[in-house]
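Colleague: My questions all concern the structure below.
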Amino acid sequence: MSLRSVELWRGEIDLVAPFRTSFGTESSRELLYVRAVGDSHSGWGECVAMVEPNYSSEYLENCVQVISRFLVPLLNGDSSADDFILRAAPIRGNYMSKACVEAALLDLTLREQNLSLAKFLGATRSRVASGVSVGIQNNLDDLVQVVGEYIALGYLRVKLKIEPDLDIELVRTIRKEFGDDLILQVDANAAYTISDANHLKQLDAFKLLLIEQPLPEDDLAGHIELSRIINTPVCLDESVTSLDTARGALDLKACSVINIKPGRVGGYLEAKKIHDLCFSRGVPVWCGGMLETGVGRAANLALAALPGFTLPGDISASSRYFTKDITKPFILEDGHISVPNTVGIGVEPLPEMLEKFRRVAVFKIVNS
Ligand code: NPQ
Ligand code: MG
């Protein structure tokens, strides 16, 4: 490992269509990348935080601060990803900030070792089953139209965003329109409370694969109670921020499925630990998405190729979100996306795309 400097890059890419969830509507993706510069290679990590703290408490401007003030100072010329994660442990939370620094270090180290991230993590597949996350639409006709288009493109699973008053009717319509064979799930992004349990129990009629994060991220007791009341399997997203919170949620029967997102849990090493725990217990997991560009998408594909990722995830084609991705686009083929198998994450930002971004910080790394 020969870390010479760390760079922070900022930019923004428009979404092909506004993406509405229970916590708001996004029409572009503001971006932050970490670039780890070595003697002969560079590694890239994408920060998954949103521009505002709507999904979780982290937000991009704060990640720039945390990375600059608290995380970069932990680095030296020999820093490896696991060494960095160990040294960053006393920094509470800030998982997305830690994750993008870790991802850049992993990419750099693995490029130097001529090893792919997929192989390093223990991937057993060369392609990943692809699902799609469908935002809340203006009306039911538009929703049917959008879902129909994604199914025609070959997505293997449809996830519908729901919120109170835009849920039961919405799911009933899609079930009626596309039949029982469609693998269908919903994501509430923490929009309900445990007093909505009986309301949510109506979803049991629609044979959903799961309901994702129905209650607030810190309401573990609520999820335990809800899991007893409804038959639809509960899957946690926002609530699972580490191996310990994953194990606790499973032990307490707060959920029976976990959506693993490396950015949310502090990096790919922690994400692999969560996968390994779930795999050992026969708990199905899938890889969630944070509207990543090709940099984060490539790394997520490596993780999603591990054997325990038995459910289609939210790693959709680049074109689901962007007209032009910052890397070469990821394409949906026969409902799957190929896993990069060269070195590191297997992709890098295209020079002509990087020209539209701006390098906002350069940190020289003092050798160990
Ligand atoms: C989820 N992702 O699973 C998140 C929600 C989400 C694909 O549904 C910018 C950055 C906008 C992250 C919108 C999907 C976002 C975002 C929604 C994450 O809960
Ligand atoms: Mg979610």
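Colleague: Check 21, 109, 25 and return the single one that is β-branched (Val, Ile, Thr) and farther than 22 Å from residue 291 by Cα. Talk me through it step by step, then tell me what you get.
Modeller: Numbers: 21 fails: farther than 22 Å from residue 291 by Cα; 25 fails: farther than 22 Å from residue 291 by Cα.
Testing whether each residue is β-branched (Val, Ile, Thr) and farther than 22 Å from residue 291 by Cα leaves just 109.
Colleague: So, of the residues in segment 143-179 that are among the acidic types (Asp, Glu) and either in contact with a helix residue (DSSP H, G or I) (Cβ under 9 Å, 6 or more places away or on another chain) or not in a loop (DSSP other than H, G, I, E, B) (or both), which turns out to be nearest to residue 314 (Cα to Cα)? Spell out the reasoning first.
Modeller: Taking segment 143-179 and keeping what is among the acidic types (Asp, Glu), we get 149, 163, 165, 167, 169, 177.
Still in the running and either in contact with a helix residue (DSSP H, G or I) (Cβ under 9 Å, 6 or more places away or on another chain) or not in a loop (DSSP other than H, G, I, E, B) (or both): 149, 163, 167, 169, 177.
On the way: 149: 16, 163: 19, 167: 20, 169: 23, 177: 22 Å.
Among those that are among the acidic types (Asp, Glu) and either in contact with a helix residue (DSSP H, G or I) (Cβ under 9 Å, 6 or more places away or on another chain) or not in a loop (DSSP other than H, G, I, E, B) (or both), it is 149.
Colleague: What are the pairs, 6+ residues apart or on separate chains, where a residue within segment 309-335 that is at pLDDT below 95 has its Cβ under 7 Å from a residue that is surrounded by 15 or more Cβ atoms within 10 Å (Cβ to Cβ)?
Modeller: Close Cβ pairs satisfying both conditions: none exist.
Colleague: What are the residues in segment 176-199 that are farther than 16 Å from residue 134 by Cβ and β-branched (Val, Ile, Thr), if any?
Modeller: Hits for segment 176-199 are 193, 194.
Colleague: Report, ordered by the first and then the second residue, all pairs with beta carbons closer than 8 Å, sequence separation of six or more or different chains, a first member in segment 39-62 that is of a type in the set (Phe, Trp, Tyr), and a second member that is assigned to a loop (DSSP other than H, G, I, E, B) and more than 10 Å from ligand 1 (Cβ to nearest atom).
Modeller: Going by the 8 Å Cβ cut-off, the qualifying pairs are 44/345; 44/348; 44/349; 59/53.
Colleague: Taking into account only those residues within segment 178-207 that are under 22 Å from the mean Cα position of the chain (by Cα) and of a type in the set (S, T, N, Q), which is nearest to ligand 1 (Cβ to nearest atom)? Walk me through it before giving the result.
Modeller: At the first step, the residues of segment 178-207 found to be under 22 Å from the mean Cα position of the chain (by Cα) are 183-192.
Next, from what is left, pick out any that are of a type in the set (S, T, N, Q): 185, 189.
Details: 185: 11, 189: 5 Å.
It comes out as 189.
Colleague: Going through segment 233-248 one residue at a time, which ones are crowded, with 22+ Cβ neighbours inside 10 Å, of a type in the set (Val, Ile, Thr) and assigned to a loop (DSSP other than H, G, I, E, B)?
Modeller: The one that is crowded, with 22+ Cβ neighbours inside 10 Å, of a type in the set (Val, Ile, Thr) and assigned to a loop (DSSP other than H, G, I, E, B): 240.
Colleague: Identify the single condition in (1) of a type in the set (D, E, K, R); (2) surrounded by 14 or more Cβ atoms within 10 Å (Cβ to Cβ); (3) farther than 24 Å from residue 20 by Cβ that residue 180 does not satisfy, given that it satisfies every other one.
Modeller: (2) is the only condition that residue 180 fails.
Colleague: Sticking with this one: Residue check, residue 230 against (1) away from ligand 1 (no atom under 16 Å from the Cβ); (2) over 25 Å from residue 194 (Cβ atoms); (3) of a type in the set (Val, Ile, Thr), all met but one. Which one?
Modeller: Going through the list (1) away from ligand 1 (no atom under 16 Å from the Cβ); (2) over 25 Å from residue 194 (Cβ atoms); (3) of a type in the set (Val, Ile, Thr), residue 230 breaks only (2).
Colleague: Within segment 10-26, count every residue that is under 25 Å from residue 216 (Cβ atoms) and assigned to a strand (DSSP E or B). Spell out how you get there, then give the answer.
Modeller: First, pick out the residues of segment 10-26 that are under 25 Å from residue 216 (Cβ atoms): 18-26.
Next, from what is left, pick out any that are assigned to a strand (DSSP E or B): 18-21, 24-26.
Total satisfying the criteria: 7.
Colleague: Still on this model: What number of residues within segment 207-231 satisfy the criterion of being part of a helix (DSSP H, G or I) and within 15 Å of ligand 2 (Cβ to nearest atom)?
Modeller: Going residue by residue through segment 207-231, those that are part of a helix (DSSP H, G or I) are 220-229.
Still in the running and within 15 Å of ligand 2 (Cβ to nearest atom): 223.
So the answer is 1.
Colleague: Considering only segment 12-56, state which residues are among the polar types (S, T, N, Q) and either within 11 Å of ligand 1 (Cβ to nearest atom) or within 22 Å of residue 287 (Cβ to Cβ) (or both). Give the steps one after another, and end with the answer.
Modeller: So in segment 12-56, the residues among the polar types (S, T, N, Q) come out as 21-22, 25, 27-28, 40, 42, 54, 56.
Result: 21, 22, 25, 27, 28, 54, 56.
Colleague: I would also like to ask the following. Could you list, in sequence order, all residues of segment 249-275 that are more than 16 Å from ligand 1 (Cβ to nearest atom) and part of a loop (DSSP other than H, G, I, E, B)?
Modeller: Hits for segment 249-275 are 252, 253, 254, 256, 266, 267.
The values are calculated or read from the model by the stated rules, or taken from the named source; none is laboratory data. Given the structure is predicted, the values throughout are model-derived calculations rather than measurements. So basically every Cβ, Gly included, is an ideal-geometry build from the backbone, and we count neighbours across all protein chains shown.
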